[in-house]
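The values are calculated or read from the model by the stated rules, or taken from the named source; none is laboratory data. From a predicted model like this one, the values you see are computed outputs, not experimental measurements. Glycine gets a Cβ as well: all are built from the backbone with ideal geometry, and neighbour counts include every protein chain shown.
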Amino acid sequence: MVQFYLEGDRISEFVAHLMKQKPVYAPHRKGQKSFSFEKTENAEDVVLDYVRTMHSIKKYFLPPREELLHFDLTKNESDPVEIPMSEAVFLGVHSYDLAAVGRLDYNFTVGSPEKNYLTRRQNAIFIGVSFEPDKFHFSGSVGIRPEDSTGCDIFLTKLFDGYVLEILTDKGQELMEGLNLPAHDAGKPATGHFHQHIFVPQAKLSEVMEHSYDNPVWEETAGKCVGCGTCNLVCPTCYCFNVEENVDITATKGSRERHWDGCMLREFSEVAGGEVFRETLAARQRHRIFRKFKYISDQTGQPWCVGCGRCTTYCTAGISIVSIVNRLIGDYERAAVAPV
Amino acid sequence: MADKPRVAIFDFTGCEGCELNQLNFEDQLLDILAHVDIVEWREAMDGQVDEYDIAFVEGSLSTPDCINRINEIRRKTKVLVALGACAVQGGVNGMKNTRPIDEVRQEVYGDDKYLFPTLPALALSSVVKVDYNVRGCPMTQIEFLKVFTSLVMGKEPIEPDHSVCVDCKLKENECVYEKGMICLGPVTRAGCDAHCPSFGQYCTGCRGLVSHPNLKGMEEILVEHGLSVDEAWKRLELYNANELEGVRP
Amino acid sequence: MNLSELKTPAELEDLYHPVMAEIKEVKRLSAMETYYRVELPGGEDLGHMPGQFVELSIFGVGEAPFSISSSPTLKGSFELGVRRAGMLTDVLLRQQPGTKIGIRGPFGNGIDVEKFKGKDVLIIAGGIGLVPMRSMINYVIDNRDQFGKLIICYGSKSDQDLLFTDELAQWEKDPAIDYHVTVDQGSDSWQGNTGVITTLIPGLDLDLANTVCCICGPPVMYRFALLSLKSKGFADENIYMSLERRMKCGVGKCGHCQINHSYVCQDGPVYHYPDIKSMQEAL
């Protein structure tokens with residue numbers, strides 16, 4: 001593997017080099033304190049040294065809102081919507097977000113592969129970047145390190161000034177043609193430590209969850225939770241959606257549109273006639289956590305949580321996924337050693 | 001459609017901002033008018049008629065005369081749509097309900113208070129059957145168009161029952177709590193496409209509460225972010241005084 | 001998952017695009033339920049099994065799952081029995097023969113009829129649970145030699161709400177069918193059984209070792225039906241049940257129909273009881 005040194009003041013040049021070849025989506029500043037992935041218009045606007053974006057790059061493969069078909073009510077006919085192929089570079093992706101894309105790949109290929117997702121996903125090129133864990137990141141606990149370059153075509157590791165740039169695939173090599181960077185012979189610096197941890201690995205978590213169905217933590221969490229759905233909507237591995245019809249004011253044409261949905265919302269499990277199959281917030285919290293650490297995980301062996309910390313960061317009620325899981329582990333272990 | 005539905009528009013106690021908002025449909029006004037005949041609208045035309053298919057009604061009910069009029073409108077119309085926060089929940093007018101009615105009369109009308117009979121500000125639905133709601137203060141234009149189009153197509157409009165946070169997250173708005181503001185989005189009914197947070201403002205809760213709000217949880221959030229318990233409930237009551245009557249611990 | 005092993009996306013079918021099928025026949029079944037016979041383009045068979053469902057849509061109105069009521073032995077078209085329960089079904093109610101509607105499917109696993117072959121078949125249907133069970137009932141009737149005795153228990157709110165009354169009368173007359181019906185509340189003219197559906201079960205004459213059961217009804221019914229079957233000595237492994245959830249996409253993607261780890265639109269709607277006994281959200 002060849003390593004190069006991308007000096008701090010050549011980052012814009014590097015971004016511009018990518019932009020000449022393909023559209024580049026990268027983290028930008030947003031609002032007062034936030035970051036979001038945006039299509040890069042000015043190389044200087046890219047922020048590689050960011051904490052986390054509200055949405056992961058999931059939004060490019062499974063857009064928050066997406067038209068599934070257009071219809072003409074006067075003819076009672078519909079047309080499929082053209083799905084644009086994404087020949088694009090996703091720059092500055094953290095390891096947990098790329099791991100999340102891997103989880104989504106599974107969801108959208110298992111059973112019936114979905115054209116919409118896969119068309120957008122197929123030709124994506126990823127340039128990862130290492131990150132410094134903040135107080136909410138815990139991806140190390142689910143096996144995803146800040147310097148993990150799995151799935152990347154190019155990976156950047158933060159140095160004091162600039163980045164170590166590794167080319168990992170042919171696609172990555174192609175992208176770099178024409179940009180001369182000095183070789184980097186020295187080693188890579190160690191990345192920072194996580195401040196939050198889940199104390200057991202997935203194999204054990206599955207067992208913990210098995211015994212946690214009636215844990216009081218669900219009721220306790222439900223006391224604080226207002227069911228707003230934010231934790232679902234910011235999660236990079238949540239993929240649930242709802243479908244609605246949009247009709248324009250002439251009542252002659254419109255579209256069938258899907259948009260992100262979430263299992264924390266009461267309407268989510270409601271059927272025609274009004275029956276709600278997950279009525280309590282406690283049952284919905286349990287479902288959310290089990291979807292991350294039990295249900296799909298039992299089938300795949302992997303946690304469906306990537307430790308990005310978004311659900312906790314953006315929860316106005318301060319509900320922490322790590323605290324809930326560690327509480328379940330603690331209760332399970334105490335029960336296991338308790339005298340009969 | 002052979003005959004266009006006959007539409008009538010009425011106002012009760014309110015600022016008439018919702019009706020103005022109807023006139024503000026610059027791009028769609030002609031399309032709207034193409035579907036219906038407007039047969040009665042005090043703010044834009046003269047005259048009265050005996051019956052209509054759809055009545056859009058703005059404002060809360062706050063005098064004995066209001067009660068008579070809304071009953072009459074209900075008798076004359078097939079479908080009644082409440083327009084805006086005052087009509088749907090009682091709106092900001094409902095704040096007066098949190099105080100003794102005599103005290104309010106005294107404060108507003110002084111010694112002439114006996115000339116002005118007044119009631120607590122009521123949502124239309126507390127007096128007559130309301131078929132559909134267009135929420136918001138002023139009423140949400142995109143929701144009006146959805147409800148209107150549904151009625152024209154002869155289908156029941158869907159009333160959203162999830163939080164404003166959902167719409168806000170779909171747009172990836174920076175959370176206004178991040179900016180140190182206090183927002184009622186987590187328990188407020190969506191449908192406005194998170195209009196205020198999208199312009200950097202907090203949600204005041206004008207569209208009313210979701211159907212099963214965790215109010216204790218919301219109180220904790222507000223207190224955690226710097227309000228006193230009393231301030232927290234006053235925030236919630238701004239648009240929801242009727243619904244929260246007797247709920248506050 | 002290696003994406004390169006997949007077909008290129010361009011070759012994949014569009015999971016969400018419906019085919020336009022024609023409503024051929026509309027009949028009122030009761031105050032709340034309506035029958036539709038629907039034909040796919042060119043009279044093509046739907047290719048379903050009893051217990052499966054379709055996603056039916058009307059442009060501009062919406063899409064929802066509906067159980068298929070006809071047996072696969074009916075060729076050239078398929079049948080639905082639709083309860084009025086919201087916007088889509090309200091609009092559907094106004095549609096006349098000749099109207100085209102969107103159809104996706106069939107979806108779900110359906111009843112594994114192989115497990116019922118050579119056995120007595122007990123059907124327990126409550127309310128509109130009869131709609132999908134009718135598919136199985138007619139499948140058994142049309143393949144008599146492959147099955148043992150057919151036993152039907154059908155319960156309804158009132159005699160006014162009984163569905164497919166012409167067929168009920170035939171089943172009652174058919175000496176090869178052990179048919180039982182009850183209503184929660186009968187009108188003055190009702191002369192049959194009164195009481196909830198579980199009151200029918202104790203009196204059944206069953207060959208327990210050789211009977212397989214399928215249950216479909218409102219959510220509250222399952223637990224009580226199970227209790228009655230168990231006290232009768234029915235073994236868990238002979239029980240199947242069809243569950244209702246919000247199957248929005250039908251293809252295991254949207255998440256709405258999940259019961260614990262299971263997608264109803266993929267693993268269900270028909271479940272083998274031993275498989276869902278430990279699923280807390282199922283019953």
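Side notes on the structure shown:
- Some residue of segment C:224-238 being assigned to a loop (DSSP other than H, G, I, E, B) and within 14 Å of another protein chain (Cβ to nearest Cβ): no
- Residue within segment B:118-138 that is of a type in the set (Ser, Thr, Tyr), within 30 Å of residue A:247 (Cβ to Cβ) and assigned by TED's automatic domain parsing to the domain that holds residue B:235 present: no
Residue-by-condition table, conditions (1) assigned to a strand (DSSP E or B); (2) among the hydrophobic types (A, V, I, L, M, F, W, C):
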site: A:212; (1), (2): no, no
site: A:228; (1), (2): no, yes
site: A:238; (1), (2): no, yes
site: A:250; (1), (2): no, no
site: A:256; (1), (2): yes, no
site: A:268; (1), (2): no, yes
site: A:285; (1), (2): no, no
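- Members of segment A:296-319 found to be within 11 Å of another protein chain (Cβ to nearest Cβ), assigned to a helix (DSSP H, G or I) and buried (at least 21 other Cβ atoms within 10 Å of the Cβ), listed by number: A:297, A:310
Results for (1) under 30 Å from residue A:74 (Cβ atoms); (2) touching a residue at least 40 places away in the same chain (Cβ under 8 Å), shown as yes or no for each residue.
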residue: B:68; (1), (2): no, no
residue: B:71; (1), (2): no, yes
residue: B:78; (1), (2): yes, no
residue: B:87; (1), (2): no, yes
residue: B:161; (1), (2): no, yes
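Residue-by-condition table, conditions (1) of a type outside the set (Lys, Arg); (2) under 21 Å from the mean Cα position of the chain (by Cα); (3) over 30 Å from residue C:249 (Cα atoms):
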| position | (1), (2), (3) |
| --- | --- |
| A:273 | yes, no, no |
| A:299 | yes, yes, no |
| A:315 | yes, yes, no |
| A:338 | yes, no, yes |
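- Matching entry among C:220, C:251 (being β-branched (Val, Ile, Thr), within 14 Å of another protein chain (Cβ to nearest Cβ) and farther than 30 Å from residue A:105 by Cα): C:220
- Any hit, segment A:78-89, residues being more than 13 Å from chain C (Cβ to nearest Cβ), touching a residue at least 12 places away in the same chain (Cβ under 8 Å) and buried (at least 21 other Cβ atoms within 10 Å of the Cβ): yes
- Condition broken by residue A:334, with the remaining ones in (1) touching a residue at least 12 places away in the same chain (Cβ under 8 Å); (2) farther than 11 Å from residue A:136 by Cα satisfied: (1)
- Sub-6 Å Cβ pairs linking a first residue in segment B:17-46 that is away from chain A (no Cβ under 14 Å) and on the phi < 0 side of the Ramachandran plot to a second residue that is among the aliphatic types (A, V, I, L, M) and surrounded by 13 or more Cβ atoms within 10 Å (Cβ to Cβ), at least 6 apart or interchain, are B:18/B:83; B:18/B:139; B:21/B:139; B:38/B:7; B:39/B:8; B:40/B:8; B:41/B:9, ordered by first then second residue.
- Here residue C:95 fulfils each of the conditions (1) touching a residue at least 60 places away in the same chain (Cβ under 8 Å); (2) on the phi < 0 side of the Ramachandran plot; (3) not in a loop (DSSP other than H, G, I, E, B) apart from (3).
- In segment A:109-165, residue modelled with the lowest pLDDT [restricted to those that are in contact with a Pro (Cβ under 6 Å, 6 or more places away or on another chain) and more than 27 Å from residue A:194 (Cβ to Cβ)]: A:122
- When C:103, C:111, C:68 are screened for being away from chain A (no Cβ under 14 Å), under 18 Å from residue C:25 (Cβ atoms) and aliphatic (A, V, I, L, M), only C:68 passes.
- Checked against (1) out of contact with any Pro (no Cβ under 7 Å at 6 or more places or on another chain); (2) within 19 Å of residue C:105 (Cβ to Cβ); (3) surrounded by 23 or more Cβ atoms within 10 Å (Cβ to Cβ), residue C:251 passes all but a single condition, namely (3).
- Subset of segment B:164-205 that is of a type in the set (Lys, Arg) and part of a helix (DSSP H, G or I) - its residue that is farthest from the other protein chains (Cβ to nearest Cβ): B:179
- Applying the criterion of at least 3 residues that are touching a helix residue (DSSP H, G or I) at 6+ places or on another chain (Cβ under 7 Å) to the strands (runs of 3 or more DSSP E) found wholly in segment A:1-47 leaves A:24-30.
- Segment A:109-120: number of residues that are more than 7 Å from chain C (Cβ to nearest Cβ) and either of a type in the set (Phe, Trp, Tyr) or farther than 16 Å from residue C:263 by Cα (or both): 3
- Taken over segment A:237-251, the criterion of being modelled with pLDDT of 95 or more and of a type in the set (Val, Ile, Thr) is satisfied by A:237, A:243, A:247.
- Residue ID - surrounded by the fewest Cβ atoms within 10 Å (Cβ to Cβ), chosen from residues in segment A:231-256 that are closer than 20 Å to residue B:165 by Cβ and within 9 Å of chain C (Cβ to nearest Cβ): A:244
Each row is one residue, and each column tells you yes or no for (1) out of contact with any Gly (no Cβ under 9 Å at 6 or more places or on another chain); (2) surrounded by 15 or more Cβ atoms within 10 Å (Cβ to Cβ); (3) outside the structural domain of residue C:85 (by TED's automatic domain parsing); (4) in a loop (DSSP other than H, G, I, E, B).
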position: C:130; (1), (2), (3), (4): no, yes, yes, no
position: C:136; (1), (2), (3), (4): no, yes, yes, no
position: C:152; (1), (2), (3), (4): yes, yes, yes, no
position: C:155; (1), (2), (3), (4): no, yes, yes, no
position: C:163; (1), (2), (3), (4): no, yes, yes, yes
position: C:172; (1), (2), (3), (4): yes, no, yes, no
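- Within segment A:257-287, tally of residues that are at pLDDT 95 or above, farther than 16 Å from residue C:257 by Cβ and either surrounded by 21 or more Cβ atoms within 10 Å (Cβ to Cβ) or facing chain C (nearest Cβ under 9 Å) (or both): 5
- For residue A:228: the one exception among (1) surrounded by 19 or more Cβ atoms within 10 Å (Cβ to Cβ); (2) in contact with a Pro (Cβ under 8 Å, 6 or more places away or on another chain); (3) within 12 Å of chain C (Cβ to nearest Cβ): (3)
- Given (1) within 11 Å of chain C (Cβ to nearest Cβ); (2) closer than 27 Å to residue B:175 by Cβ; (3) surrounded by fewer than 17 Cβ atoms within 10 Å (Cβ to Cβ); (4) of a type in the set (D, E, K, R), index of the condition residue A:65 fails: (1)
- Close pairs (8 angstrom Cβ cut-off, 6 or more residues apart or separate chains): closer than 17 Å to residue A:240 by Cβ in segment A:286-310, at pLDDT 95 or above and acidic (Asp, Glu) anywhere: A:306/A:97
- Conditions (1) surrounded by fewer than 18 Cβ atoms within 10 Å (Cβ to Cβ); (2) in a strand (DSSP E or B): number failed by residue B:55: (1)
- Of all residues making up segment C:62-84, the number that are part of a loop (DSSP other than H, G, I, E, B) and surrounded by fewer than 24 Cβ atoms within 10 Å (Cβ to Cβ): 9
- Residues located in segment A:90-119, provided they are without any contact (Cβ under 8 Å) to a residue 40 or more places away in the chain and either over 24 Å from residue A:21 (Cα atoms) or surrounded by fewer than 19 Cβ atoms within 10 Å (Cβ to Cβ) (or both): A:105, A:109, A:110, A:111, A:112, A:113, A:114, A:115
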